[in-house]
């Protein structure tokens, strides 16, 4: 059994103190210890992107991230995206465009796009496709997801895109 | 929003839960004292089980129970005439990865470590691998315990008209062999089940399934429970595509161990185990002979299909029929004969994957039609068009077609793709390919062969105006909750967002046979319409009495019931519901749907008839690099006759998803076994298309308003996949002049075909 170490994280804006083996994955910790089950197990080996969270604002595969390596960092899960005032604009667009079919890949894909928007609000269609290259979706064929993304990114492109 | 919701876009009622991470899947459900299960799986493709030593595992602290096949030996299977599977292997293992032991412990890691301590002694048997081995009379028998031991699960032969005479009289006869590979569903959510003892002595089972009804029946039967003591609930499911239609070891073992241990047990498969659970596409070897007149009329098709089914039957009896029965749709055939076999081998069992059994023969047929067009020097579209059956027609094997928009579908994609001006005129390496297809909207006859309803739906109205629909159908993401809400809202003058749907809970919802065979819109939709119409009559009558007018003078819209032509004279829906409750005691209705039986000249053909068929046409444009062999699909134009698009965004999403899955089968996906071992049970090696491999898919919806479909609607979740692979194959031929008769069209296969042509030519 691994030794347990104290780990301090900031998760969805809250400070979280854990005593866990440092080799546990961030995915297990958010799901099992913090009950944030919106982050999904898809493959456990970094192939599908369903477990994507934001680490200091950057998409990160939580199944490949050992919790001991992210001490003191800021973690954002799908539960941290919407506010009491409403859905995130990416989520609103997903809802309107029916971009979630089964919804299992959706938290990871939404977070990937949330991070892209924060970094590059006028991302081109090519940038959007590149950003989504690490997520799998088996249901949609990507059409509705891209339409939802366009709803959010296109208005920010000005006349040059 | 006002007016009828039919045809309107916008959010689906269950959308928000899916985009906020709030939707709860089986792996997200936690109960006090919940234990976790893990499996020990076979390392042999075919072997007798000599001894299973679980003592070391059982002795580990934290291990709560260990279960072997003998603990639950009753056979189960989706199709009652072919129950050949047990929860865990008994006496024999039949594929690498077959579950043998289930270990339950206080946490998952411990369960897995304990499973690794189980020692299984095998007496290896020669494995039956591939179609030739299955047909070899000297091969061992996979199911030697069967009453009539044979490696053929089902052999079907049907003939309509005089095929030999028609072929002899044909101007041209085109002949080819096709080999379609196995592939798997790869849902992102793994199969999982959580079982918990109820306080009243019963059991509740939450499971990632497409049909709670079949799981309910099989789990109760295998466990020896009264069905009334078992409750099966489907939480959110991370899609199925056919892969969650069978009962699974997860459900049976979680249920058995929860009862044995008296505490909740959850078992969720790993990604590798999802590949082993499989029930995917049957690898199928096919031969086709087609006779045509020189003008392009199809005089006869002679077709054979041998399908490698793997170790257990699953839905294989049905598969063997589906391999042949849809061939004549949407075409007029002078004569037709088919022979199909579904075989047992020592690999993970195949089953129903999207387009079940119809994908493989459609690939053969649509590729074959392009061959024929080439021989006849005809445009492939013209050849198809001259053989189209119309609406209100019947195929040669007696399948009744009601609405039929295939011609409009083909026109739409020919026009959108610029077929007539671009095909044959694109630069070398670029090409266009066409395919059309048809698919059922549910099977006319249920698998239990009884005369009971296929779908029962209840609609309840409370005095606060809340409308709740209860249906046993399963929303896997395809949008069946929205479909039900849209139909009921339309009948009651409400919006889908006013409707709550309770689905797939055998204690709360009436029986529905489940979400497979593209049946839910047709069956559950019609039942919901009938129930909603009964409720509509209840509130209309009450409102009419209140308003002193006839019910026929009233309209329901925008949450009100008012006199036609005068919106000011009326009552709110809520008030009408209260008036109706005061009159009747309660407001609500339950209705069942069983499709109307159709006269057929061929009564014995009970597999294949459907209340209505969807039709699809698609054109794929490809770019082939003759140096590297890489095929890139540039775009797909697809038109689908869905009868009526109750919610167009959802229908388009289904069509796009079908084409995307078809492109995976066309270019990348194949289940490959080496000595019976699945070579690549991972999402990295088994290549599901990413966004980079998915081209723009342009969808046109064709609405034919089917007379039997609810408000005219037909299926849209499977049919659009059928034509994708042959459209790509035909496009490759247009691009570089080679015929590829064995998907996936990998660079290796393209280069090999180019090489063979180079040597020949």
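Report the residues of the range A:67-110 in range of a label on residue A:127: point 7 Å along Cα→C-beta, backbone N strictly under 16 Å from it.
Hits in the range A:67-110 for residue A:127 at 16 Å: A:90.
Please compute the modelled spin-label separation between residue B:751 and residue B:566, points set 7 Å along Cα→Cβ, answer in nm with one decimal.
8.2
Return the average number of partner chain Cβ atoms within 10 angstrom of each residue Cβ along peptide A:26-35. Walk me through the numbers on the way to the answer.
Working: counts 0, 0, 2, 0, 0, 3, 3, 0, 0, 2.
Partner Cβ neighbours, averaged per residue: 1.
If I take R0 = 51 Å and measure r between the Cβ atoms of residue B:597 and residue B:374 in this structure, what FRET efficiency does the formula 1/(1 + (r/R0)^6) give, to the nearest 0.05?
E between residue B:597 and residue B:374, to the nearest 0.05, is 0.75.
Can you give the angle from 0 to 90° between the axis of helix A:106-119 and the longest principal axis of chain A, with both taken from C-alpha atoms, to the nearest 10?
70
Once both labels are modelled 7 Å past Cα along the beta-carbon direction, what's the residue B:606-residue B:91 spacing in nm?
Those two pseudo-labels are separated by 2.9 nm.
Taking 0.36 nm per intervening residue step and subtracting the Cα-Cα distance, what contour gain separates residue A:83 from residue A:32 on full extension? Don't skip to the end; give the middle numbers.
On the way: separation 51, 0.36 × 51 = 18.36 nm, distance 2.30 nm.
Separation in residues times 0.36 nm, less the Cα-Cα distance, equals 16.1 nm.
To the nearest 0.05, what FRET efficiency results for residue B:171 and residue A:118 with a Förster distance of 51 Å applied to their C-beta separation? Write down the numbers at each step before the final one.
Numbers: r = 67 Å, r/R0 = 1.30.
With a Förster radius of 51 Å, E is 0.15.
P(r) for the range B:441-498, please, calculated from all Cα pair distances in 10 Å bins and given in %.
19, 45, 27, 9, 0
Where in the range B:512-532 does the label zone of residue B:450 land, with the point 7 angstrom along Cα→C-beta and an amide N cut-off under 17 Å?
Once the point is set 7 Å along Cα→Cβ of residue B:450, B:512-514 turn out to lie under 17 Å by backbone N, inside the range B:512-532.
For the range B:235-353, count all C-alpha to C-alpha pairs, find those more than 26 Å apart, and express that count as a whole percent of the total. Walk me through the numbers before you get to the answer.
On the way: 2914 of 7021 pairs.
So the pairs more than 26 Å apart make up 42 percent of the total in the range B:235-353.
Counting just the Cα atoms, what span does the range B:340-455 cover along each of its three principal axes? Round to the nearest Å and put the largest first.
55, 42, 25
Under 1.5 on a/c is rounded, so check that first for the range B:509-583, then, if it is not, pick prolate when a/b is larger than b/c and oblate when it is not; a ≥ b ≥ c are the square roots of the alpha carbon gyration tensor eigenvalues.
Since a/c reaches 1.5 and a/b is larger than b/c, the shape of the range B:509-583 is classed as prolate.
Less than 18 Å from a label point 7 Å out along the Cα-to-Cβ axis of residue B:287: which backbone N atoms in the range B:167-198 qualify, by residue?
Zone members listed by number: B:167-168, B:173-180.
Between residue A:74 and residue B:24, with labels modelled 7 Å along Cα→Cβ, what's the label distance in nm to one decimal, could you check?
If labels sit at residue A:74 and residue B:24, their model points lie 3.2 nm apart.
Figure the gain on full extension for residue B:680 and residue B:2 (residue separation times 0.36 nm, minus the Cα-Cα span) and round it to one decimal in nm. Walk me through the numbers before you get to the answer.
Details: separation 678, 0.36 × 678 = 244.08 nm, distance 5.18 nm.
This chain segment gains 238.9 nm when fully extended.
Using only helices, what value at 222 nm comes out for the protein assembly as shown when you add -39,500 (n - 2.57) per DSSP H run of length 4 or more and divide by the total residues, to the nearest 500 deg cm²/dmol?
Working: 23 runs with 255 residues, N = 922.
Mean residue ellipticity at 222 nm (helix-derived): -8500 deg cm²/dmol.
Shape of chain B from its Cα gyration tensor (a ≥ b ≥ c, root eigenvalues): rounded if a/c is under 1.5, otherwise prolate when a/b > b/c, or oblate? Provide the component values of the computation, followed by the final result.
Details: a/c = 1.79, a/b = 1.06, b/c = 1.70.
Oblate shape, in that a/c is at least 1.5 and b/c is the bigger or equal ratio.
For the range B:637-681, state the average projected area of the convex hull of the C-alpha atoms over all orientations, rounded to one decimal in nm². Numbers along the way, then the final one.
Values: hull surface 19.0 nm².
With every direction weighted equally, the projected area is 4.7 nm².
Taking neighbour Cβ counts within 10 Å as the exposure measure, how do B:218, B:53 sort from fewest upward?
With the sparsest Cβ surroundings first, the list reads B:53, B:218.
Run through every distinct alpha carbon pair of the range B:585-738 and return the Kirkwood hydrodynamic radius in angstroms, one decimal place. Provide the component values of the computation, followed by the final result.
Numbers: mean 1/r = 0.0547 Å⁻¹.
It is 18.3 Å.
With a/c under 1.5 counting as rounded, go ahead and sort the protein assembly as shown into rounded, prolate or oblate using the C-alpha gyration tensor (a ≥ b ≥ c being the square roots of the eigenvalues; past the cut-off, prolate if a/b is larger than b/c, else oblate). Working shown, then result.
On the way: a/c = 1.27, a/b = 1.06, b/c = 1.20.
Since a/c stays below 1.5, the shape of the protein assembly as shown is classed as rounded.
Between residue A:64 and residue A:14, what length comes free when the chain is fully extended (0.36 nm per residue of separation minus the Cα-Cα distance, one decimal in nm)? Working shown, then result.
On the way: separation 50, 0.36 × 50 = 18.00 nm, distance 2.27 nm.
Between residue A:64 and residue A:14, full extension yields an extra 15.7 nm.
Throughout, read-outs are computed from the coordinates displayed, never taken from laboratory work. This structure is a prediction, so every number in the text was calculated from the model and none was measured. All Cβ positions, even for glycine, are placed from backbone atoms using ideal geometry, and neighbour counts span all protein chains on display.
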